[in-house]
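The next block holds one structure in the form of structure tokens; read it before the comments.
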Amino acid sequence: GNSVTQMEGPVTLSEEAFLTINCTYTATGYPSLFWYVQYPGEGLQLLLKATKADDKGSNKGFEATYRKETTSFHLEKGSVQVSDSAVYFCALAYMNYGGSQGNLIFGKGTKLSVKP
Amino acid sequence: DGGITQSPKYLFRKEGQNVTLSCEQNLNHDAMYWYRQDPGQGLRLIYYSQIVNDFQKGDIAEGYSVSREKKESFPLTVTSAQKNPTAFYLCASSIGQGTRSYNEQFFGPGTRLTVL
């Protein structure tokens with residue numbers, strides 16, 4: 001079935017460090033891929049997305065590239081800030097061959113803490 | 001400002017009582033969703049609705065019920081049949097099925113339910 005696996009946290013980094021959060025997926029058809037972010041005490045916000053192979057999503061200095069050959073969508077940022085401390089969720093939305101869309105399937109989330 | 005509101009932010013319930021969580025959106029979105037979030041579990045889909053007067057069970061619908069009488073509103077009732085209801089509940093909405101942005105979901109701030 002369809003699933004998302006992301007690296008377990010928590011991840012603790014110093015300010016200005018390089019961030020990678022790994023995400024791999026299993027899906028039938030041609031999924032769209034997403035990263036959502038949840039700041040403490042809040043709901044989730046869409047951070048970036050990619051809808052086809054080799055697409056790169058980017059927002060607020062974060063990037064992720066849709067790699068079909070490795071079924072991955074790793075999140076990266078070159079220089080993290082304290083304000084990036086949050087929980088990050090990788091998600092997929094599968095598309096079947098008929099073109100109808102399934103609902104989002106989320107990974108378990110990775111907590112990031114950035115220290116000054 | 002357009003968005004999703006959930007109320008209350010914190011809710012306490014005695015065992016054996018039903019309780020209803022409110023979710024309202026003014027984004028003119030057709031689709032609405034309820035998720036449950038537990039520590040280390042990610043988000044799990046309870047119910048979703050793609051159009052007024054229609055809704056479908058998600059992955060963990062047992063012990064929950066919903067209604068969709070208005071486009072703007074999608075209340076969730078946690079019944080006494082739900083064996084472990086203490087959790088963080090998130091409501092979301094998106095543009096309707098069949099659009100490229102179907103799975104760009106907008107989330108409310110959540111309701112934390114505690115059963116005493």
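The values are calculated or read from the model by the stated rules, or taken from the named source; none is laboratory data. Fair warning: this is a prediction, and the values are worked out from it, not measured in the lab. When we count neighbours, we look across all protein chains shown, and the Cβ atoms used for this are built from the backbone with ideal geometry, even at glycine.
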Every listed condition ((1) within 13 Å of the chain's Cα centre (by Cα); (2) closer than 27 Å to B:Trp34 by Cα; (3) more than 14 Å from every other protein chain (Cβ to nearest Cβ)) holds for A:Tyr88 save (3)
Please determine, by comparing only the residues of segment A:25-64 that are part of a strand (DSSP E or B) and of a type in the set (Lys, Arg), which one is nearest to the other protein chains (Cβ to nearest Cβ). A:Lys49
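Matching residues to (1) away from chain A (no Cβ under 11 Å); (2) within 25 Å of B:Asn103 (Cβ to Cβ); (3) buried (at least 20 other Cβ atoms within 10 Å of the Cβ); (4) touching an Asp or Glu at 6+ places or on another chain (Cβ under 9 Å):
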site	(1), (2), (3), (4)
B:Pro8	yes, no, no, no
B:Gln17	yes, no, no, no
B:Glu24	yes, yes, no, yes
B:Asp30	yes, yes, no, no
B:Asp38	no, yes, no, no
B:Leu45	no, yes, yes, yes
B:Phe55	yes, yes, yes, no
B:Gly58	no, yes, no, no
B:Phe74	yes, yes, yes, yes
How many residues are exposed (fewer than 15 other Cβ atoms within 10 Å of the Cβ) and at pLDDT 95 or above when one looks only at segment B:76-85? 1
Note: among A:Val37, A:Val80, A:Val4, just one is farther than 28 Å from B:Gln50 by Cβ and either crowded, with 21+ Cβ neighbours inside 10 Å or not acidic (Asp, Glu) (or both), namely A:Val80
Residue under evaluation B:Ala81, criteria (1) more than 10 Å from every other protein chain (Cβ to nearest Cβ); (2) in a strand (DSSP E or B); (3) more than 20 Å from B:Pro8 (Cβ to Cβ), criterion not met: (2)
Is it the case that B:Val115 is crowded, with 21+ Cβ neighbours inside 10 Å and more than 27 Å from A:Thr5 (Cα to Cα)? no
Evaluate the following for B:Lys70: is it over 16 Å from A:Leu44 (Cα atoms), surrounded by fewer than 17 Cβ atoms within 10 Å (Cβ to Cβ) and either more than 14 Å from chain A (Cβ to nearest Cβ) or touching a helix residue (DSSP H, G or I) at 6+ places or on another chain (Cβ under 6 Å) (or both)? yes
Only residues that are over 15 Å from B:Cys23 (Cβ atoms) and part of a loop (DSSP other than H, G, I, E, B): list them for segment B:36-56, please. B:Pro39, B:Gly40, B:Gln41, B:Asn53
Kindly indicate whether any position in segment B:58-73 is without any contact (Cβ under 8 Å) to a residue 12 or more places away in the chain and either of a type in the set (S, T, N, Q) or in a strand (DSSP E or B) (or both). no
Only one of these conditions is not met by B:Tyr89: (1) buried (at least 21 other Cβ atoms within 10 Å of the Cβ); (2) more than 30 Å from A:Val11 (Cβ to Cβ). Which number is it? (2)
